[in-house]
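Q: Dumping the structure here so I can ask a few things about it.
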Amino acid sequence: MKLKDKLIEASKAGEIITIVYHGGSQPGTKRDISPIRVSETEVLARCLVTEKPRTFRLSKLEIVSEDYPSKNYDPKAESRSADLVVQQAIKLPSPSAMPEQISHAESLGIKLSENASRIEVVISILSVLIERHHIAQIVYLTDLNGKPWKPLIEPYAFQKSEEGIRLRCWVYEGEPIPDWRSDYLTEDKGWHLYLIDDIESVRDTDKSFVPRQYRRQDDVTLTISVSLEGIVNFDWKK
């Protein structure tokens, strides 16, 4: 049975399985998970070590037996290395932003250099919209035919993850989810975490929203503010 099929079967049965994950901050370590949803490339599962939902890439995941000779995953070690992981992610090369995105940022009062990266512009615009409680439209990933998904979202905060920085947001309204994502996102509206590196662009709709209450307490949140001089400030809080 293929890996994806095993994970889908486990999610339907509520089964707990043991995996070795060859990614993240502790590659090669072993942990127990309970799969929730499975896509073509990822599985959303509850980690029994941390008792929190996590996303794992299928290409880096291996199902093993409980007595598999591998070191157990240590959540304390991850917390110690989290700052370094994000710092490295922020420093990774990023494509330059398109001129129209820089122009849109400037229309919101953000000062950026002509050589600003796409990630820098996306974070800067989203940070302003978070502060103003404005609905944003993002262009997120594309399907196999190159068609992007363009949902309207309520942006709330930035969070650390093993892959980089993610945006915590509520999907306010969007186009119907393409078939290639329907096995992962079960509905259009709801809370989601989007990897910043996968957001192609973001625009202010100039429409306000009333903040919703998020029930789960996040371990670490990144607050980003932009001063009147256009300087972007990062502040990690637990």
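The values are calculated or read from the model by the stated rules, or taken from the named source; none is laboratory data. Keep in mind the model is a prediction, meaning the values are calculated, not measured. Counting neighbours? That spans all protein chains shown, and the Cβs are built from the backbone with ideal geometry, glycine included.
Q: Quick one: count up the residues across the range 27-55 that are assigned to a strand (DSSP E or B), farther than 15 Å from ALA10 by Cα, in contact with a strand residue (DSSP E or B) (Cβ under 6 Å, 6 or more places away or on another chain) and not basic (Lys, Arg).
A: 2
Q: Further question: Which one is farthest from ASP5 (Cα to Cα) among residues in the range 56-80 that are part of a helix (DSSP H, G or I) and among the polar types (S, T, N, Q)? First the steps, then the outcome.
A: Kept after step one, since they are part of a helix (DSSP H, G or I), are these residues of the range 56-80: 58-60, 75-80.
Going one step further and asking which of them are among the polar types (S, T, N, Q), we end up with 59, 79.
Details: SER59: 14, SER79: 32 Å.
So, considering only residues that are part of a helix (DSSP H, G or I) and among the polar types (S, T, N, Q), the one farthest from ASP5 (Cα to Cα) is SER79.
Q: Here's a follow-up. Search the range 2-14 for residues that are without any contact (Cβ under 8 Å) to a residue 60 or more places away in the chain and pair each with any residue that is part of a helix (DSSP H, G or I) when their beta-carbon atoms are under 9 Å apart and the residues are at least 6 apart or on different chains.
A: LYS4/LEU58; LEU7/LEU58
Q: Let me ask you something else. Quick check on my filter: what residues within the range 1-50 are among the charged types (D, E, K, R) and modelled with pLDDT of 90 or more? Break it down stepwise before answering.
A: As a first pass, look at the range 1-50 and keep what is among the charged types (D, E, K, R): 2, 4-6, 9, 12, 15, 30-32, 37, 40, 42, 46.
Across the range 1-50, the qualifying residues are LYS4, ASP5, LYS6, GLU9, GLU15, LYS30, ARG31, ASP32.
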